[in-house]
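Working notes for the structure below.
The values are calculated or read from the model by the stated rules, or taken from the named source; none is laboratory data. All values derive from a computational prediction rather than experimental measurement. Quick reminder, even Gly has a Cβ in these numbers, built from the backbone with ideal geometry, and neighbours come from all protein chains shown.
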Amino acid sequence: MEKNILVAYASKRGATAEIAEKIGEVVRQNGLQADVLPVNKVRDLTPYRAVVLGSAVYIGLWRRGAVKFLRENENRLSEIHVWLFSSGPTGSGDPLEITEGWCFPESLRPLIERIQPRDITCFGGKLDLKTMNFIEKMIINKVKAPVGDFRNWEAITKWAKNIGGSLFRRGD
Ligand SMILES: Cc1cc2nc3c(=O)[nH]c(=O)nc-3n(C[C@H](O)[C@H](O)[C@H](O)COP(=O)(O)O)c2cc1C
């Protein structure tokens, strides 16, 4: 049977993985089939008619695995429906306001423009001092990034509902 949607993610500390799981759950509630996998576990895109790819952001960059996934699968991704998200900014309020509209690394723009995703967004992230190493703590201190869990499950759910909704609407 054709699988409907792949939700692939690149996460270092698990916060982005949990966002991906939530997206998969919402998509399934919309009656679609969804696999949720870390990017390095994805072997074949042919069973999927849509892909959601999310990456955690570290020092302005996507995780290497997410970039590799985009590059290696560019041809297939240009043929199917794709949604992208970054997860990272911390602090209260709309993450896209915190990042002043930034939602993916500029170096990926040409590749992303060729793939033509249906939407790209940025979700808030989670910073937990307990899981950070010394250097990471220094970076976070220096940029004064607020520590805590700023993932907005309502916004994530709303975005994921649109994915299922738009696939149904198009009837493909
Ligand atoms: C050293 C370090 C650098 C980070 N750099 C950024 C950044 O440039 N932009 C951003 O939005 N978030 C940044 N973050 C926040 C992470 O993206 C956020 O903690 C995210 O939720 C981590 O996801 P993960 O648990 O899936 O790895 C940084 C976090 C750390 C520890």
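For segment 23-59, filtering for residues that are within 14 Å of the ligand (Cβ to nearest atom), surrounded by 18 or more Cβ atoms within 10 Å (Cβ to Cβ) and not hydrophobic (A, V, I, L, M, F, W, C) leaves 2. Of all residues in segment 115-138, those satisfying the criterion of being near the ligand (Cβ under 10 Å from one of its atoms) and surrounded by 14 or more Cβ atoms within 10 Å (Cβ to Cβ) are Cys122, Phe123, Gly124, Gly125, Lys126, Leu127, Met132, Glu136. Being within 20 Å of Val67 (Cα to Cα) and hydrophobic (A, V, I, L, M, F, W, C) is the filter; apply it to segment 85-109 and report the residue that is farthest from the ligand (Cβ to nearest atom). Residue satisfying both the conditions and the ranking: Leu108.
Would you call Val82 under 26 Å from Asn152 (Cα atoms), at pLDDT 95 or above and either surrounded by 21 or more Cβ atoms within 10 Å (Cβ to Cβ) or in contact with a helix residue (DSSP H, G or I) (Cβ under 8 Å, 6 or more places away or on another chain) (or both)? Yes, satisfied. The C-beta contact set for segment 70-90 (first residue touching a residue at least 60 places away in the same chain (Cβ under 8 Å) and closer than 16 Å to Lys22 by Cβ, second residue of a type in the set (D, E, K, R) and more than 16 Å from the ligand (Cβ to nearest atom), distance under 7 angstrom, 6+ apart or interchain) comprises Trp83/Arg118; Trp83/Asp119. When Ile112 is tested against the conditions (1) within 14 Å of the chain's Cα centre (by Cα); (2) within 16 Å of the ligand (Cβ to nearest atom), the lone failure is (2). A Cβ distance below 7 Å, combined with a sequence gap of six or more or placement on separate chains, defines the contacts here; from segment 124-146, residues that are free of Cβ contacts under 8 Å to residues at least 40 places away in the same chain reach residues that are of a type in the set (Lys, Arg) in the pairs Gly124/Arg151; Leu129/Lys137. Once segment 139-172 is narrowed to residues that are assigned to a helix (DSSP H, G or I) and touching a helix residue (DSSP H, G or I) at 6+ places or on another chain (Cβ under 7 Å), the residue that is surrounded by the fewest Cβ atoms within 10 Å (Cβ to Cβ) is Trp153.
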